[in-house]
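Only one structure is covered here, and it is reproduced in the block below.
What follows draws every value from the coordinates through simple rules; no lab data is involved. Values in this document were obtained by computation on a predicted structure and should not be read as measured data. Positions of Cβ are backbone-derived with ideal geometry, glycine not excepted, and every protein chain shown enters the neighbour counts.
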Amino acid sequence: MRNVTIIGSGPAGLTAALYAARANLAPLVIEGLESGGQLMLTTMVENFPGYRDGIMGPDLMAEMRAQAERFGTEIISGDVTAVDLASSPLSLSLGKTVVETRALIISTGASARLLGLPSERALVGHGVSTCATCDGYFFREKPIVVVGGGDSAMEEAIFLTKFASSVTVVHRRDRLRASKIMQDKAFANPKISFEWDSDLVEVKDVDQGVVTGVVLRNLKTGDTKELAVDGVFIAIGHTPNTSLFTGSLDLDENGYVVVGRGTRTNVPGVFACGDVQDHVYRQAITAAGTGCMAAIDAERYLESL
């Protein structure tokens with residue numbers, strides 16, 4: 001029997017673990033087979049407070065993990081395969097292993113959708129990014145590409161014009177899906193140009209280990225062309241990792257966990273923090289902040305029992 005079990009080991013989950021451990025709750029973290037969250041796919045993190053010279057994403061997660069363990073957090077690897085949130089205590093299955101817990105903190109995060117290109121995956125963190133707020137600063141006076149046609153793509157493109165010398169938006173259709181106001185802002189920005197009816201089919205150059213350009217294919221003509229750019233921002237959305245909780249928790253139309261006051265879900269004793277319940281900010285620091293909130297909410301819940 002556990003007091004608090006945390007599913008997920010990104011900034012939200014490890015911060016929740018740190019606070020729960022310091023409250024003498026001896027938390028269990030189930031880190032998943034892909035531990036550390038999205039920061040494991042980044043290189044230099046320069047906007048996390050306390051690291052004035054920046055820190056590598058995996059190094060930051062290693063520090064957070066060690067800090068949580070120092071105060072008594074137990075971390076195990078494995079993916080939760082089923083949950084029973086109607087039982088008391090709450091029950092989780094990891095294959096044949098069953099974990100019972102009085103409180104559950106969900107911090108399973110959200111996965112940025114990628115195009116699925118081998119070259120794209122190889123260059124994530126080396127010129128390919130899914131977060132303009134995180135990485136735009138690295139592309140001062142450099143040409144970049146943004147892939148997507150929705151509001152988030154236009155927001156990223158407009159934001160990136162603060163840094164980049166030029167921003168080329170690559171979109172599969174001949175018109176944007178973004179709202180009228182976002183379209184107007186993008187069309188009015190002299191730094192933004194558009195490649196319509198086009199797919200990004202390759203990111204160059206994997207052999208050099210950095211982005212040097214992209215290959216685009218026109219979907220109407222089949223013609224290909226190469227653009228010389230230093231950065232590629234994929235802005236085709238995020239998928240919250242909530243399939244495990246369908247039917248057990250209230251989810252919004254996009255699959256994010258719905259939280260009420262603080263980090264409480266609709267099930268007593270179940271709390272959610274980080275990107276699994278946040279489709280707006282999606283930053284390591286905001287995820288960590290909600291992780292702190294979830295641990296405090298869980299502690300107060302346990303005190304009330």
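Per-structure values
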item: Principal semi-axes in Å for the chain [√(5λ), Cα gyration tensor, largest first]; result: 39, 20, 17
item: Derived scalar couplings ³J(HN,Hα) [the stretch 194-200; Karplus, 6.51 cos²θ - 1.76 cosθ + 1.60; whole Hz; x for Gly, Pro]; result: 10, 10, 7, 6, 10, 10, 8
item: Charge-dipole axis of the chain as Lys and Arg at +1 and Asp and Glu at -1 on Cβ define it, positive-most pick from 123, 193, 88; result: 193
item: Label-zone membership for the stretch 105-132, site residue 44, 7 angstrom Cα→C-beta point, backbone N under 15 Å; result: 125-128
item: Leading residue at positive end of dipole, the stretch 148-232 (Cβ point charges), from 218, 169, 181; result: 181
item: Lys, Arg +1 and Asp, Glu -1 on Cβ, resulting dipole of the stretch 102-247 about Cα centre, debye, nearest 20; result: 440 debye
item: Added length on full extension, which subtracts the Cα-Cα distance from 0.36 nm per residue, residue 267 to residue 67; result: 69.0 nm
item: Value of [θ]222 nm, deg cm²/dmol, for the chain, DSSP H segments ≥ 4, -39500 (n - 2.57) each, nearest 500; result: -7500 deg cm²/dmol
item: The chain - share of DSSP beta bridges that are antiparallel (%, nearest 5); result: 45 percent
item: Over the stretch 206-305: Rg over Rh, Cα atoms, Kirkwood Rh; result: 1.22
item: Computed over the chain: relative contact order in percent, which uses C-alpha pairs under 8 Å that are six or more apart; result: 21 percent
item: Fewest-first ranking of 170, 201, using other Cβ atoms within 10 Å as the exposure measure; result: 201, 170
item: Radius of gyration, Dmax [the stretch 142-242; alpha carbons; angstrom]; result: 13.5, 41
item: Debye, to nearest 20: dipole size of the chain, +1 on Lys, Arg Cβ, -1 on Asp, Glu Cβ; result: 420 debye
item: Dipole magnitude of the stretch 165-305 about its Cα centre (Cβ charges: Lys, Arg +1; Asp, Glu -1), debye to nearest 20; result: 460 debye
item: Taking 181, 192 and counting other C-beta atoms within 10 Å, the order from fewest to most; result: 181, 192
item: Segments 208-219, 102-113, 124-135 sorted - mean Cβ within 10 Å per residue, highest first; result: 102-113, 124-135, 208-219
item: With 10 Å bins from 0: P(r) over the stretch 1-52, alpha-carbon pairs, percent; result: 24, 43, 27, 6, 0
item: Fully extended contour minus Cα-Cα distance, from residue 151 to residue 221, at 0.36 nm per residue; result: 22.5 nm
item: Among 11-22, 266-277, 220-231, the order from most to least packed when residues are scored by Cβ within 10 Å on average; result: 11-22, 266-277, 220-231
item: Amide N proximity, the stretch 112-146 versus residue 253 label position 7 Å along Cα-to-Cβ, cut-off under 18 Å; result: none
item: Nearest-0.05 FRET efficiency for residue 172 and residue 207, computed from C-beta distance (R0 41 Å); result: 0.90
